[in-house]
C-alpha cells in the first residue's frame with residue numbers, strides 16, 4: 001500500500017485487512033508527487049429504539065436512542081458510517097535532505113435531511129505539514145487526529161462500518177465505538193515529533209490545541225488555559241501492535257474551579273493468520289465520556305471514568321472478514337455529588353459485522369449494533385440497528 005495515503009483512511013483499511021487498501025491516484029508534478037485519495041461510504045440503517053417515554057426514563061449523556069416525543073420508536077436513515085466520505089490531497093518531496101509533505105482533506109456528506117438536500121457544510125479535518133528524515137524522525141504541524149486514543153479508533157473494526165450513534169438521516173458520521181469503549185481523539189491543531197523506528201518501537205510527543213467542549217450539549221464551557229500535552233509509545237511487528245498513550249489538559253470549568261483533566265490508555269492487536277484479536281483499556285480523571293471533557297466534572301468536582309473494548313475478527317475463505325466486538329464506557333459520580341440518578345453510569349455496545357471485498361477497491365458491509373445506556377438510578381435505554389452498505393477506497 002502506498003505510504004502517502006491519508007493516515008486515517010490507510011489505517012482504517014489496514015484494520016480490516018481487506019483488498020480495498022490501495023494507493024490513491026498518483027500524479028507527478030515537477031519536484032512534487034501528489035496523491036489524491038479517499039473514500040465514499042454509504043449505509044442504509046434500520047433502527048429500533050427504546051419505547052419508554054415515562055418521566056425519569058432518560059439517561060443523561062446516554063448514547064442509546066429513545067422514542068421521540070410522538071412515541072415513534074423506529075427510524076431509517078442513509079448516511080456515512082463512522083468514517084466520513086473523504087477526499088484527501090497529500091504532496092511529498094525530498095528537499096535539502098528532508099522529506100517534506102503536506103496533507104489537506106475534506107469530508108462531504110453523502111446524505112442530509114434538509115428540504116433541498118444541499119445545506120450541510122463539509123468538514124475539513126486535516127491541514128498539516130510534516131518534515132523530517134528516517135535518521136532522526138518527523139515533525140508534524142497542523143490539524144490532524146489527536147495523539148491520545150488515536151489508535152483506539154484506528155483499530156476499531158467499525159471504522160469501516162457504523163457502530164453506535166446511528167441517527168436520523170443527514171447525520172455527518174456515526175460514533176462507531178466512541179463513547180462505548182474509548183474517548184474520541186478528535187481533530188486537533190498540534191505540533192508533534194515522532195521518533196525514527198527503532199526495531200519496531202516509535203514514540204510521539206506533542207502539544208495540542210485546547211479544543212472546547214460544546215456548552216450547549218453539556219451545560220458547561222471548559223476553558224483550557226494551556227496547550228494539551230499528548231504522547232504515545234508504540235511497538236509493531238508482523239504479528240502484533242502494542243501501544244500506550246496519555247493526555248493532560250488544565251481546564252477552567254467555572255470562575256473558581258480549575259483542574260487537570262488527565263487520561264491514559266493501553267491497547268494491543270494480535271494477528272494469527274486469518275484471525276485478529278484487539279483489546280483496549282482507558283482510564284481518566286476529569287476527562288468524562290464520549291468526548292474529552294464531556295461530563296468530566298460537576299462544576300466543582302472531577303468525575304472518574306474508564307472503559308475499553310475487545311474485538312475478534314476472522315477472514316473466511318471467500319475473503320469476507322467476520323467480526324464481533326464489545327465495548328463499554330463507565331462514568332463515576334464524584335465523591336460528593338449525591339444521588340444524581342439520571343446521570344449516565346455506562347454506555348455499552350455489541351457489534352457483529354461482515355466486511356466483504358467485492359473488488360480490490362470496494363467492500364460490502366453488513367453490521368448489527370446494539371447499544372445500552374444505564375443511569376446511576378433505575379433508568380435504562382436500549383437501541384438496535386441493522387446497517388447495510390458499501391465503502392469504496394481510491
**Study point:** Residue within the range 149-160 that is in a strand (DSSP E or B) and either touching a residue at least 12 places away in the same chain (Cβ under 8 Å) or surrounded by fewer than 19 Cβ atoms within 10 Å (Cβ to Cβ) (or both) present
**Key:** no
Practice item. List every residue pair whose Cβ atoms sit under 9 Å apart, with the two residues 6 or more apart in sequence or on different chains, where the first one lies in the range 108-122 and is over 19 Å from residue 86 (Cα atoms) and the second, anywhere, is outside any loop (DSSP other than H, G, I, E, B). Key: 113/77
Practice item. Residue by residue through the range 321-342, note down the ones that are over 19 Å from the mean Cα position of the chain (by Cα) and surrounded by fewer than 23 Cβ atoms within 10 Å (Cβ to Cβ). Key: 322, 332, 333, 334, 335, 336, 337, 338, 339, 340, 341, 342
Exercise for review: Output the number of the condition that residue 110 fails; it satisfies all remaining conditions of (1) touching a strand residue (DSSP E or B) at 6+ places or on another chain (Cβ under 9 Å); (2) within 20 Å of residue 373 (Cα to Cα); (3) outside any strand (DSSP E or B).
Suggested key: (2)
Check your understanding: Across the range 229-239, which residue is nearest to residue 292 (Cα to Cα) among those that are without any contact (Cβ under 8 Å) to a residue 60 or more places away in the chain and surrounded by 15 or more Cβ atoms within 10 Å (Cβ to Cβ)?
Key -> 229
Practice item. Check residue 227 against each of (1) at pLDDT 95 or above; (2) farther than 20 Å from residue 329 by Cα and name the one condition it does not meet. Key: (1)
Practice item. For the range 183-203, enumerate the residues that are free of Cβ contacts under 8 Å to residues at least 12 places away in the same chain and assigned to a strand (DSSP E or B). Key: 198
Review point. Of all strands (runs of 3 or more DSSP E) completely enclosed by the range 27-98, which ones contain at least 1 residues that are on the phi < 0 side of the Ramachandran plot and without any contact (Cβ under 8 Å) to a residue 24 or more places away in the chain?
Key: 86-95
Exercise for review: Could you run through the range 232-271 and say how many residues are assigned to a loop (DSSP other than H, G, I, E, B) and closer than 29 Å to residue 210 by Cβ?
Suggested key: 5
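Determine which member of the set 92, 130, 60 is more than 26 Å from the chain's Cα centre (by Cα) and either under 21 Å from residue 390 (Cα atoms) or surrounded by 15 or more Cβ atoms within 10 Å (Cβ to Cβ) (or both).
92 is the lone residue from the list that is more than 26 Å from the chain's Cα centre (by Cα) and either under 21 Å from residue 390 (Cα atoms) or surrounded by 15 or more Cβ atoms within 10 Å (Cβ to Cβ) (or both).
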Practice item. Return the total of residues in the range 357-394 being part of a strand (DSSP E or B), more than 18 Å from residue 78 (Cβ to Cβ) and without any contact (Cβ under 8 Å) to a residue 40 or more places away in the chain. Key: 1
**Study point:** Tally of residues being under 19 Å from residue 230 (Cα atoms) and out of contact with any helix residue (DSSP H, G or I) (no Cβ under 9 Å at 6 or more places or on another chain) across the range 245-267
**Key:** 14
Revision key, fill the gap. Taking the range 336-355 and keeping only residues that are under 23 Å from residue 79 (Cα atoms) and in contact (Cβ under 8 Å) with a residue 60 or more places away in the chain, one is left with 347, 348, 349, 351, 353, 355
Point to revise | Single match in 318, 283 (criterion: farther than 30 Å from residue 380 by Cβ and either surrounded by fewer than 22 Cβ atoms within 10 Å (Cβ to Cβ) or at pLDDT below 95 (or both)) | key: 318
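The values are calculated or read from the model by the stated rules, or taken from the named source; none is laboratory data. It should be emphasised that the depicted structure is a prediction, and the values quoted were computed from it without experimental measurement. Reconstructed Cβ throughout: ideal geometry from the backbone, glycine too, with neighbour counts over all protein chains shown.
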